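Shown next, in structure tokens, is the structure this report addresses.
The values are calculated or read from the model by the stated rules, or taken from the named source; none is laboratory data. This structure is a prediction, so every number in the text was calculated from the model and none was measured. Because the Cβ atoms are built from the backbone with ideal geometry, glycine has one as well, and the counts that use them run over all protein chains shown. Keep in mind that these areas ignore ligands, DNA and RNA; they rest on the heavy atoms of the full protein, side chains included. Shrake-Rupley method; radii C 1.70, N 1.55, O 1.52, S 1.80 Å.
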Amino acid sequence: MICAISGEVPDEPVVSKKSGLLFERRLVERYIEDHGKCPVTKEELTMDDIVAVKTNKVVKPRQLQAASIPGLLGMFQNEWDAIMLSSFALEQQLHTARQELSHALYQHDAACRVIARLKKERDEARALLAQAERQIPASMAGAAPTAVVSNGKRAFEDEVGPDGKKIRPGINPVMIDELTECNTMLSAHRKKRQVPPTLASIDAIERYTQISSHPLHKTNKPGILSMDIHPSKDIIATGGIDTNAVLFDRPSGQILCTLTGHSKKITSLKFVPRDELFVTGSADKTVKIWQGSEEGNYNCIHTLKDHTAEVEAVTVHATQKYFVTASKDNTWCFYDIPSGSCLTQVGESSGQEGYTSASFHPDGLILGTGTTEAVVKIWDVKTQSNVAKFEGHVGPVTAMSFSENGYFLATAALDGVKLWDLRKLRNFRTISPYDSDTPTNSVEFDFSGSYLAVGGSDTRVYQVANVKLEWNLVKTLPDLSGTGKVTNVKFGTDAKYIAVGSMDRNLRIFGLPGEDDQMDDAKPSEE
């Protein structure tokens, strides 16, 4: 028989009528006097509920004075009893604390699950809201024309805040997640990418010569200022001083259509292949989005009027859902393509500095811009913050191009081409192909990142190397326009040909003689 309080064999055992537990009489009596409850079950307990258990009596020594050994032993016994009661109380408190802690941990875990579910529902709601915002402008265009302004944007976007600036919806977290996911996917794919076996060899490029010339623009206003090539259809688009954009089918040698609508020269244009869209930027301060049809025609679906000065550059994000425009008003705008809405406008519309060129990094989270003050700025697209500045050019930065390996940036200005290492944020090579009075107007990496084309008073093709090795000149293509100014250079698929625009009205194709004989007899209609 063991006491339920002390864990020792009791001298005077007693049993509780209610719980049936065994106690030392003196311990349980003291506990009942203090608390009136059973020390174990916490039920109400009185002295009448205690029944003595009859056992063989142990002869106890007589009580002696404290000075005697038996007296001291009695005092020690009393102290021991008090310690036992205190220890038991502490054990009970520890058990209660453990139960409360377990309950609190369960509540915390349940709260975390609820928060996670609410976050998921919030993100889903934001995604649905963003999708609805993209669909509303198209659905409301016919039903409620008063809700849409003439430039194709939602009416609230023209509201002005307290600081005098237009209110923009901004790049929401769902879009940022989309940009980040695209970046992750492209970065992983790039590490596995290899140079295609169909890429034109250096020996082939050394034998390039002009194989065709096509008068695409008006005679009274010659000059091709911008160019882009459709990646899958081999269609070349050119924008000219004559305010027209011309879409030219290279294999057939025929003009597909001429887009009119701008009032001044077209400074930049880009294809958006995913939805058969086409974007043009002009010196008339506007940007137009064109929708292609099955018949091959393009119709303007949005005219964007967010800039207050000439639009100098248009660049399309890798998702093909967004694009950026850069202007001489010292701002760049981030647009949603389906709705044609300006999500954010970065910069100040004041000061003498303006943007003259812009390009997205292949992975899409970095934007490069060139200014009239010879400065190259690198932006974080997610936060729209300027994360780096490259200085050292002379004159406006007329063009820029990121290499497909994601490591190099080439920029062009009056002093030639500078190559920047994005990993160390430094200039590692300068190519000066022309004299100090001849600006470099165009610079372009091919899609594989193996060649770099430079346009100025002629067209030059360099073999891409690394930071330490020399970038060798492969081929120099003369300017056959007679103007001495090459404005645009673009590589065709696998660098099988090079398209060149100059300050005359002709688009010139350079490649291997004999490969495009079918184009020689094709004469596009002249305006």
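Roughly how big is the chain's charge dipole about its Cα centre, with Cβ charges of +1 (Lys, Arg) and -1 (Asp, Glu), in debye to the nearest 20? Kindly include the intermediate steps, with their values, before the conclusion.
Working: 59 positive and 68 negative charges, 161 e Å.
Here the size comes out at about 780 debye.
Need one value: the accessible area of TRP80 in square angstrom, 1.4 angstrom probe, rounded to the nearest 10.
110 Å²
Which one, ASN56, ALA465, ILE431, is farthest towards the positive end of the dipole of the chain when Lys and Arg carry +1 and Asp and Glu -1 on their Cβ?
Among ASN56, ALA465, ILE431, the one farthest towards the positive end of the dipole of the chain is ASN56.
Can you compute the charge dipole magnitude of the range 13-52 about its Cα centre, using +1 on each Lys and Arg Cβ and -1 on each Asp and Glu Cβ, nothing else charged? Give it in debye, rounded to the nearest 20. If you can, show how the numbers build up before the last one.
Values: 7 positive and 8 negative charges, 25 e Å.
Computed about the Cα centre, the dipole is about 120 debye.
How long are the semi-axes of the equivalent ellipsoid of the range 65-138, defined as square roots of 5 times the Cα gyration tensor eigenvalues? Whole Å, largest first. List each step's numbers first, then the result.
Values: eigenvalues 991, 9, 4 Å².
So the equivalent ellipsoid measures 70, 7, 4 Å along its semi-axes.
Provide the descending list of Cα extents for the range 294-415 along its principal axes, expressed in whole angstroms.
Dimensions of the range 294-415 along the principal axes of its Cα atoms: 47, 35, 30 Å.
Just how large is the dipole of the range 1-133 about the Cα centre, in debye to the nearest 20, putting +1 at every Lys and Arg Cβ and -1 at every Asp and Glu Cβ? Walk me through the intermediate numbers first.
On the way: 18 positive and 20 negative charges, 40 e Å.
Using only the charged Cβ atoms, the result is roughly 200 debye.
If you take the Cα Rg of the range 13-52 and divide it by 2.2 N^0.38 Å, with N the number of residues, what do you get? Please list the in-between numbers first.
Values: Rg = 8.4 Å, N = 40, 2.2 N^0.38 = 8.9 Å.
The reported ratio for this selection is 0.94.
Within the set LYS221/LYS328; LYS285/LYS496; LYS191/LYS382; LYS264/LYS496; LYS120/LYS305; LYS166/LYS321, which residue pairs have Cα atoms separated by over 30 Å?
Details: LYS221/LYS328 23 Å; LYS285/LYS496 35 Å; LYS191/LYS382 23 Å; LYS264/LYS496 33 Å; LYS120/LYS305 37 Å; LYS166/LYS321 22 Å.
Violating the 30 Å Cα-Cα cut-off are LYS285/LYS496; LYS264/LYS496; LYS120/LYS305.
Pop out the ³J(HN,Hα) list for the range 79-93 in order, Karplus 6.51 cos²θ - 1.76 cosθ + 1.60 with θ = phi - 60°, rounded to Hz; leave Gly and Pro as x.
5, 4, 4, 5, 5, 4, 4, 5, 5, 5, 4, 5, 5, 5, 5
Is it possible to state the helix-based mean residue ellipticity at 222 nm for the chain, with each DSSP H run of 4+ residues giving -39500 (n - 2.57), the sum divided by total residues, to the nearest 500 deg cm²/dmol? What is it?
Numbers: 4 runs with 111 residues, N = 527.
So the helix-based figure for the chain works out to -7500 deg cm²/dmol.
For the charge dipole of the chain, defined by +1 on Lys and Arg C-beta atoms and -1 on Asp and Glu C-beta atoms about the Cα centroid, which residue among ALA116, THR41, GLN99 has the Cα displaced farthest towards the positive pole?
Towards the positive end, the residue furthest out is THR41.
When the expected Rg is taken as 2.2 N^0.38 Å, what fraction or multiple of it is the alpha-carbon Rg of the range 358-496?
On the way: Rg = 14.3 Å, N = 139, 2.2 N^0.38 = 14.3 Å.
Computed over Cα atoms of the range 358-496, the ratio equals 1.00.
Please name whichever of SER339, MET503, TRP420 sits farthest to the positive end of the charge dipole of the range 177-511, dipole taken about the Cα centre and charges placed at Cβ: Lys and Arg +1, Asp and Glu -1.
Selected residue: TRP420.
How long is the chain along each principal axis, judged by its Cα atoms, biggest number first, in Å?
So the extents along the principal axes, rounded to whole Å, are 133, 61, 46.
Below 19 Å, Cα to Cα, which lysines can LYS17 reach? Residues fewer than 8 away in the same chain don't count.
Cα-Cα hits under 19 Å: LYS37, LYS42, LYS54.
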